[in-house]
Amino acid sequence: MNENDRLCLLIVDEVEDNRKEFKKIFPDDYEILEAVNEQTADKLINENNFDSVIADLKFIAHLKDNKKISDVPLVAIVDPNDENAGEMAIEIGAFEIVTKPFNQTIVAYRVQNVIKHFEDLRKIRAIKDGKISELHKYIEIDPLTGLMNRETFYKRASNLMQENIEIKYYVIYFDISCFKAINDLFQIETGNLILKTAANYFNKSIKNGLCSRIEADHFVICVPQANFDIEKLIIGLDRAVRSLNITHNVLFYAGIYPVSNPALPVDQMCDRANMALRKIKGNYMNRYAYYDAGMRELMLQDHMIVRDMEAALNENQFAIFLQPVYNIVKNSIESAEALVRWFHPANGMISPGKFIPVFERNGFIVKVDRFVWEEVCKFINNQREETGDVLPISVNVSRLNFYNLDLLEFLLGLLEKYDLEPWMLKLEITESAYMDNSHQLMSIIRVFREEGFPVLMDDFGSGYSSLNMLKNLPVDVLKVDMAFVRELEESERAYMILKFIMNLAHNLGMDVVVEGVETQKQLDYLVNLGADKIQGYFFSRPLPVNDFKKLLEKSKEK
Ligand code: C2E
Ligand code: CA
Ligand code: CA
């Protein structure tokens, strides 16, 4: 190509008509030079950069030796009456042939095609050679921000760390809060502007390290640990973006992986940094966090839980345990709470503290809760058949259940199937669900109570419930959170608050169950306060169903 960016062709042919014909084929954006013999051809080749040379067959062998055009496709002009001409042209170095007289369409097509083909070859070779050509740059760099892209970052960061084994590095993953919202609220250009601004800031402030935009609004840097100040970097980023005067609060969050083994694949280092990041995302106080090995463990555990949960339900790996609630005035068991357990074939018993939060995130809790409710109904029914007595049992109703329109129908269906009445099945709904205070939830709870199900507010006092609200909430029983009991012995305040809660509850006609009682001393305090219903390890841990039955029998004998 010559300076003026037009494609440039050379036609070498002694017959003037052929040259004229040829020139007519190509539109104006081609520059076409002519030569009538080898000498003029060589001279022109020397002075110009051709994209293709089209020559009569008899010049091909000579032109093939010209080093200046070793990288340029040669097209031979052959006589259609000469049977072997085409084959010979290829043999001596032409890349394509055209025949006389010229068919305009075919000639144009063939010449353009070889030029394109050679261009592609040059690109491929450039990639293979690792040459820093324009093309190479294009492939390595994120066009929006000019930072290196993901693959390049992986490669270069790996080289950097392995070539400087004596230096300790961080791999740090950055994310922007609410970037999606910004893209929704403003034009896409605003989002792009933020990304470019951040990229500039990274470029300017990262010395001896690498920065990359690895996707969307995620940046990763690799920097030496020595003298690196993450707070300064985050403040700088925030400030740079704030200077754009976007009315939305844009905040940068960072997860930091201190590299211990430089041979670990960089994508895994990024994953770990990202894991640390996820811990603090959306948290205004903590803008960065360090990775630790425990996170990986937790992540693997969560993966296992999600992987195995469906099979667990199908293969009956879930079971209920029952923990008695004692009436200390009457000295008897007056109900029990059903708590789910998972007996994993490889990992043994898993406690609900580990899997319930995962199920609440992915929605599986709804299936598990329904399973538990049915097990409880079976138990009550079975117990009634064996002893003639009914012990009401309370079950946990995760908030997610309320999104299912058939919740009430399902519960009533269970009652019918096992011939039970609603008072036998108590529903525990956590305080935090009430605090959402959605009208919909409140009205569903009212309907449950109208149907006759007792409703308990679980973990009362763990959240932000105001005592004032209590009088408007549809509950029959408050389950006082364990944290209160923990504090009873140390804090006069906890004692006073609990006393107040119990008075208020009783005045409002609610029952109170105190959870988590472990010691005689705690029990004494509670007796003093007038508490009568107690659930806790002091009396019994949650028990397998058969053990619970034995406990029941024993307590009746007394
Ligand atoms: P929760 O509903 O508040 O249940 C009480 C938890 O406290 C149970 O833990 C119980 O074993 C424990 N606990 C009882 N007395 C004491 C005590 O004296 N000291 C101590 N330290 N702990 C005591 P668990 O069984 O591990 O259950 C933990 C949580 O998992 C439950 O808290 C509940 O939120 C959830 N959960 C358990 N089973 C189910 C279920 O079937 N469905 C749903 N949605 N959640 C469940
Ligand atoms: Ca509960
Ligand atoms: Ca509780």
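Please treat every number below as a calculation from the coordinates, not as lab data. Everything numeric in this text was worked out from a predicted model, so none of it was measured. Glycine gets a Cβ as well: all are built from the backbone with ideal geometry, and neighbour counts include every protein chain shown.
Here are some notes:
- Percentage relative contact order, the stretch 153-274, counting C-alpha pairs under 8 Å, at least six apart: 43 percent
- Measuring nothing but how far apart in sequence close Cα pairs (under 8 Å, 6+ apart) lie, relative to its length, the stretch 316-557 scores a relative contact order of 20 percent.
- Dipole magnitude of the stretch 7-130 about its Cα centre (Cβ charges: Lys, Arg +1; Asp, Glu -1), debye to nearest 20: 460 debye
- The Cα center of the stretch 137-173 and the Cα center of the stretch 198-222 differ in position by 9 Å.
- For the stretch 381-443, the list of chymotrypsin sites (Phe, Trp or Tyr not before Pro) that fall in a loop by DSSP and count at most 15 other C-beta atoms within 10 angstrom is empty.
- With at most 13 other Cβ atoms within 10 Å, longest stretch of the chain clear of loop GluC sites (Glu not before Pro) (DSSP): 316-488
- Coil-residue trypsin sites (Lys or Arg not before Pro) of the stretch 197-226, DSSP, other Cβ within 10 Å capped at 12: 207
- At most 13 other Cβ within 10 Å, DSSP loop - chymotrypsin sites (Phe, Trp or Tyr not before Pro), the stretch 1-86: none
- Along its first, second and third principal axes, ordered by size, the chain spans 123, 56, 44 Å in Cα coordinates.
- Couplings 3J(HN,Hα) for the stretch 76-86, derived from phi with the Karplus relation 6.51 cos²θ - 1.76 cosθ + 1.60 (θ = phi - 60°), are 8, 9, 10, 8, x, 7, 8, 4, 8, 4, x Hz, where x marks Gly and Pro.
- Under the Karplus curve 6.51 cos²θ - 1.76 cosθ + 1.60, θ = phi - 60°, whole-Hz ³J(HN,Hα) for the stretch 326-334, x wherever Gly or Pro sits: 9, 9, 7, 6, 7, 6, 8, 7, 10
- The angle between the Cα long axis of helix 293-314 and the main principal axis of the chain comes to about 70°, on a 0 to 90 degree scale.
- FRET efficiency estimate (nearest 0.05) - Cβ-Cβ, residue 496 to residue 119, R0 56 angstrom: 0.10
- Rel. contact order, % - alpha carbon contacts under 8 angstrom, at least six apart, the chain: 8 percent
- Based on DSSP H segments of at least four residues, each scored -39500 (n - 2.57), the chain has a per-residue ellipticity at 222 nm of -15000 deg cm²/dmol.
- ³J(HN,Hα), Karplus 6.51/-1.76/1.60, whole Hz, each residue of the stretch 397-405, x for Gly, Pro: 10, 5, 3, 4, 4, 6, 7, 8, 5
- Ignoring lysines fewer than eight residues from residue 554 along the same chain, the ones with Cα atoms less than 17 angstrom from its Cα are 330.
- Beta bridges by DSSP in the chain, antiparallel share as percent, to the nearest 5: 45 percent
- Counting only DSSP beta bridges whose two residues both lie in the stretch 325-441, roughly 50 percent are antiparallel.
- Gyration tensor verdict on the stretch 316-557 (Cα atoms; rounded if a/c is under 1.5, prolate if a/b is larger than b/c, oblate otherwise): rounded
- Total lysine pairs in the stretch 7-130 at Cα distances under 16 Å, for residues eight or more apart or on different chains: 7.
- Partners of residue 232 within straight-line reach, counting aspartates and glutamates whose Cα lies under 19 Å from its Cα and excluding those fewer than 8 residues away in the same chain: 175.
- Straight-line reach from residue 556: taking Cα to Cα under 18 Å and skipping same-chain neighbours fewer than 8 places apart, the aspartates and glutamates in range are 334, 385, 386, 389, 547.
- Simple rule: put +1 on each Lys or Arg Cβ and -1 on each Asp or Glu Cβ in the stretch 7-130, find the dipole, and look at 12, 27, 40; the Cα lying farthest toward the positive end is 27.
- Charges were assigned to the Cβ only: +1 to each Lys and Arg, -1 to each Asp and Glu. The resulting dipole of the stretch 251-404 about its Cα centre is roughly 640 debye.
- Given charges at beta-carbon only (K, R positive; D, E negative), |dipole| of the chain in Debye: 1760 debye
- Close amide H contacts of residue 512 (hydrogens built in the peptide plane, cut-off under 5 Å, sequence separation of 5 or more or a different chain): 478.
- The stretch 7-130 shape via C-alpha gyration tensor axes, a/c threshold 1.5: rounded
- Computed from Cα positions, the angle between helix 38-47 and the longest principal axis of the chain comes to roughly 40 degrees.
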